């Protein structure tokens, strides 16, 4: 039987403002979970405005785990990742409060996790591993923002990110086929920042195509208002449409969606964010099988009553 | 002798459907897989080859050892040999899963969706098993075996 191992990755990632930093991931086994502990020392100004909402997450402008042209996990806003983890881990991820102006410099610990399987509390869940030992290279890349813009005016920051790897290692005589008899499942993550602009969209008329080709497991959704903060008032309804069958199999009020997903994931309600499981639509299994679908066959829809600017951060997670 | 019993079971037909032979085939595959599991539990490093060795050995023993063949009878020996060979093949290749996925790919069940703003996808609990679901279930099965 294969064994699970946990160890600190050799490389860590330094924080450098407005820079993209790359590090190597160790390649000794099949990675089932990666923990990224952000240790950011935040120095507040003597006076001024309070720090931004989700300040540390905003510092992450991009993140990617990849090997050559193959990407295993990627986001283009740290809030997509944080709120994915929020629902996976019942809102209990480590996130130190950023100090207010006039306060002491504080090291903020922020744990973000990449777990690609469906048993979030099994660190050696073999469902969707990254086959690190079979790869010629495996890298992680973070694009950093800057403290003055993302944390708050007058703030500065320094620090680094420690990585903890959780992996399955084969025993002598054991083969990959013993654990993955029909092959390994591959993850596909597609982040999208959808700018709805200032116009209103009535009756679910704001539509966006969801990615096709694999099994769509869940979509992380974060609604941002014109100030860039999470909001529950900019979107009032959410739905799914299947144009080819001329059907709208699912729609709910935004607050009801949040309440339902909060119950499903056992996570406290949080303003402006949810994690939509596509098995709600398919009715079974891991999610919605999109292998025979074409782009445009499935649309995610929203109603936006107001005429102020709003963005939706989407994070589609597929398995193939 | 066991051969007589097996012959009688093999002769059972309902509406001319060979129920008895089907029962024997299923029983023999069960015996083949059971023997494979015993070999695997005693010799785990053999891995999936435990099934090949045990199943293949059972098939050869049934057909080539005279005493065994006489005890089982011709029908019994043939059936158990088929069971042993099936277990050997199954240990190396998931033939059943492969065939199921191919057939499902030809004729996927279409989900029935009712119209209306408040409706939801109903029925057609999809018989179609996607490749992802098939892989996922095989990973889960391997994890608990």
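Brief remarks on what is shown
- Placing dummy labels 7 Å off each Cα toward the beta-carbon, the span from residue B:61 to residue B:141 is 2.5 nm.
- Look at the alpha carbon pairs under 8 Å that are at least 6 residues apart: their mean separation over the length of region A:87-207 gives a relative contact order of 20 percent.
- Residue B:19-residue A:208 pseudo-label distance in nm [points 7 Å out on the Cα-to-Cβ vector]: 5.9 nm
- Inter-chain Cβ neighbour count for A:163-176, averaged per residue, equals 1 (cutoff 10 Å, partner chain atoms only).
- Once you divide the Cα radius of gyration of region A:26-155 by 2.2 N^0.38 Å, the number left is 1.18.
- Shielding by partners - mean other protein chain Cβ count within 10 Å, residues of A:107-114: 0
- Put the Cα centre of region A:262-288 next to the Cα centre of region A:1-60 and the gap is 26 Å.
- Residue ranges A:133-140, A:279-286 sort as A:279-286, A:133-140 when ordered by packing (mean number of other C-beta atoms within 10 Å per residue, highest first).
- On full extension, the segment bounded by residue A:21 and residue A:259 gains 81.9 nm, given 0.36 nm per residue less the C-alpha separation.
- Label-to-label distance, nm, for residues given as residue A:291 and residue B:68 (7 Å Cα→Cβ offset): 3.9 nm
- Sorted by Cβ density within 10 Å, fewest first, the residues A:248, A:174: A:174, A:248
- Across q = 0.21 Å⁻¹, region A:4-81 modelled as identical point scatterers on its alpha-carbon atoms has Debye log10 I(q)/I(0) values of -1.18, in the order of the q list.
- Estimated FRET transfer efficiency (residue A:135, residue A:245; beta-carbon r; R0 41 Å; 0.05): 0.50
- Residue B:37/residue A:10 FRET efficiency (R0 45 Å; Cβ-Cβ; nearest 0.05): 0.65
- Treating each Cα of region A:146-293 as one equal point scatterer and applying the Debye formula with no solvent, the log10 of I(q)/I(0) at q = 0.09, 0.17, 0.19 Å⁻¹ comes out as -0.46, -1.17, -1.30.
- With neighbour counts taken as other beta-carbon atoms within 10 Å, the residues A:81, A:250, A:194 rank, fewest first, as A:194, A:250, A:81.
- Per-residue mean of foreign Cβ neighbours for A:282-295 is 4 (Cβ atoms of other chains, 10 Å radius).
- The value of relative contact order for chain A, using C-alpha pairs under 8 Å at least six residues apart, is 26 percent.
- Exposure proxy order (Cβ contacts within 10 Å, fewest to most) of A:170, A:313, A:59, B:92: B:92, A:170, A:313, A:59
- Legend: calculated FRET efficiency, residue A:158 to residue A:193, from the Cβ-Cβ distance at R0 = 30 Å, rounded to 0.05, equals 0.65.
- Between region A:168-236 and region A:89-103, the C-alpha centres lie 25 angstrom from each other.
- In summary, the convex hull built on the alpha carbon positions of chain A has an orientation-averaged projected area of 16.9 nm².
Where a number appears in this text, it was derived from the coordinates with a stated rule and is not lab data. Keep in mind that what you see is a predicted model, and the values were worked out from it rather than measured. Note that we place each Cβ from the backbone using ideal geometry, even for glycine, and neighbour counts take in every protein chain shown.
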